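The values are calculated or read from the model by the stated rules, or taken from the named source; none is laboratory data. Just so you know, these numbers come straight off a predicted model, no measurement behind them. Every residue, glycine as well, gets a Cβ built from its backbone with ideal geometry; the counts of neighbours run over all protein chains shown.
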Amino acid sequence: MKWKNVWKKVIGIGLTAMLSATMLVGCSGGTETGGEDKTKETSTTEGNTLEKIKERGKLVVGVKYDLNLFGLKDPQTGKVEGFDIDIAKGLAKKILGDENKIELKEVTSKTRIPMLNNGEIDAIIATMTITEERKKEVDFSDVYFKAGQSLLVKKDSNINGLKDIKKGVTVLTAKGSTSAQNIREKAPEATVLEFENYAEAFTALKAGQGDALTTDNAILFGMAKQDPNYRVVDETFTEEPYGIAVRKGDQEFLQVINEYLKELKESGEYDKIYEKWMGQKPKQ
Amino acid sequence: MLDFSIIVDYWDMYMQGFGHTVKASLLALLGSLLIGIVIAVFRIAPVRPLNWFGAAYVEFIRNIPLILVVFVFFFGFPALGVRLDSFTAGTLGLTVYTAAFIAEVIRAGILSVPKGQMEAARSSGLTYLQTMRYIILPQAIKIVIPPLGNQFINLVKNSSILGVIAGLDLMYFGDLISSETFVTFDVYIFVAMFYLVLTVPLSLGVGFLERRLARSR
């Protein structure tokens, strides 16, 4: 009798758990299909993208929703903000004269190229590194952000680049990262200490347990922003230039984008956006 | 089948880690035994403030996760102007932590010596410290050997905490090798073997000591 009751409970709890799980999945599935419906009207890949945008009256851009500083959805306000978003808004202003004539769509590194190629989005501005491999599938604009591995140091540190990582210098990073492998290759004399994650490595740096922390500058900028006693050195010693991607052969649109990027840099607006998100001016 | 090429290719790293683990274990073992004895005596000495201090030490330290004790030494001490490198901070944390457990083991051993022994010794003119040194502790040691052995084995295994603060021990290098080779399972099997090389003889040694002391009783 007793055992029967216990089993009933176990099965009951199990079923409730499964039910709520399916409901959750169902919910997220629902929002996705909602998104797809809307895209159907825009999913004509033929013809001139620039004209389509003007006709439609808004620019549709694929951005990341989960990346600090570049494209992050604020769970409280529901707004997506970041460096990439500001670049996208400027592009909308350039084409349509109003930075609010824009629709942002969430992409991931996996979905962005398929979404671009089936016409769901006009362009990708989502921390996308320009690579030869990807150039076979999409066309890239000029570089709009120079990402790469860099160093985070104390504000008054005399470390300004890889050349200062000599014997006796301790560099901190996370276990198993490519950053750890890179720094060992490029500065074999230095002591490299690897921690469980970047938060711990940063705590160790703050506790004076090392002279520099190394990883992608995008992560380092976030840390420097959080604690202004630290700065990111100018040099990046791996190169991961970010570009804006458009459909292959979309020359007219690409030209406008490159023009826009040039204007953005010349007007000083680029520096402003850069400083707003990265907390320091871009290197020259 | 285990991939033995890993242990060949990464022998230097394994050995460096093994060396640090042995060093950390030995230092922490000696240190925690000393501190443990002192704290145990504090807890039972007929001096109130010492009792309080001993009780506070034990209750505070043994009720905090080891990793946090180590964090205090590694991340916390620099704020007080004392920067300890990862190996030192890890070994100190391990020592302080294990000492709390050892103190309890020893205290229990001392208390298990019949009260009459203390009274007899004191009434024959020995001081409190002399009684402890010559009458009580020698008897208590026999009783505490098995639980003490347990603590030492735990200590060797707990030394893997150094890996978390880049303390260059076996676990740390195990993590590095596994993230370089992606042969996670095999890498950690070898790590486990190195720990066994330390803990099995320790375990056997404690058993041997236990039997010898039982005979001499």
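Here are the numbers for this structure:
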{"quantity": "Flag for residue A:148 being away from chain B (no Cβ under 14 Å), among the small types (Gly, Ala, Ser), crowded, with 16+ Cβ neighbours inside 10 Å and at positive phi", "calculated": "yes"}
{"quantity": "Criterion: buried (at least 17 other Cβ atoms within 10 Å of the Cβ), farther than 22 Å from residue A:218 by Cβ and over 18 Å from the mean Cα position of the chain (by Cα) - qualifying residue of A:54, A:94", "calculated": "A:94"}
{"quantity": "Selected residue (criterion: surrounded by the most Cβ atoms within 10 Å (Cβ to Cβ)) from residues of the range B:73-92 that are touching a Lys or Arg at 6+ places or on another chain (Cβ under 9 Å) and more than 10 Å from chain A (Cβ to nearest Cβ)", "calculated": "B:91"}
{"quantity": "Complete set of residues in the range A:200-229 that are more than 9 Å from chain B (Cβ to nearest Cβ), over 18 Å from residue A:83 (Cβ atoms) and surrounded by fewer than 21 Cβ atoms within 10 Å (Cβ to Cβ)", "calculated": "A:227, A:228, A:229"}
{"quantity": "Boolean, residue A:210 is in contact with a strand residue (DSSP E or B) (Cβ under 6 Å, 6 or more places away or on another chain), in a loop (DSSP other than H, G, I, E, B) and either under 24 Å from residue B:81 (Cα atoms) or not assigned by TED's automatic domain parsing to the domain that holds residue A:126 (or both)", "calculated": "yes"}
{"quantity": "Subset of the range B:76-98 (residues that are in contact (Cβ under 8 Å) with a residue 60 or more places away in the chain and over 16 Å from the mean Cα position of the chain (by Cα))", "calculated": "B:86"}
{"quantity": "Residue within the range B:158-165 that is within 24 Å of residue A:171 (Cα to Cα), away from every other protein chain (no Cβ under 14 Å) and out of contact with any Phe, Trp or Tyr (no Cβ under 7 Å at 6 or more places or on another chain) present", "calculated": "yes"}
{"quantity": "Any chance residue B:102 is within 30 Å of residue B:21 (Cα to Cα), in a helix (DSSP H, G or I), more than 14 Å from chain A (Cβ to nearest Cβ) and modelled with pLDDT of 95 or more", "calculated": "yes"}
{"quantity": "Criterion violated by residue B:70 - all others in (1) within 14 Å of another protein chain (Cβ to nearest Cβ); (2) touching a residue at least 40 places away in the same chain (Cβ under 8 Å); (3) surrounded by fewer than 15 Cβ atoms within 10 Å (Cβ to Cβ) satisfied", "calculated": "(3)"}
{"quantity": "Residue identified as surrounded by 22 or more Cβ atoms within 10 Å (Cβ to Cβ) and away from chain B (no Cβ under 14 Å) among A:159, A:113, A:124", "calculated": "A:124"}
{"quantity": "All positions within the range A:130-186 that are touching a residue at least 60 places away in the same chain (Cβ under 8 Å), assigned to a loop (DSSP other than H, G, I, E, B) and of a type in the set (Val, Ile, Thr)", "calculated": "A:130, A:159"}
{"quantity": "Scan of the range B:172-189 for residues that are crowded, with 20+ Cβ neighbours inside 10 Å and of a type in the set (A, V, I, L, M, F, W, C), ordered by number", "calculated": "B:173, B:176, B:177, B:187"}
{"quantity": "Cβ pairs under 6 Å, 6+ apart, first in the range A:247-275 and over 20 Å from residue A:135 (Cβ atoms), second loosely packed, with under 13 Cβ neighbours inside 10 Å", "calculated": "A:271/A:281; A:275/A:281"}
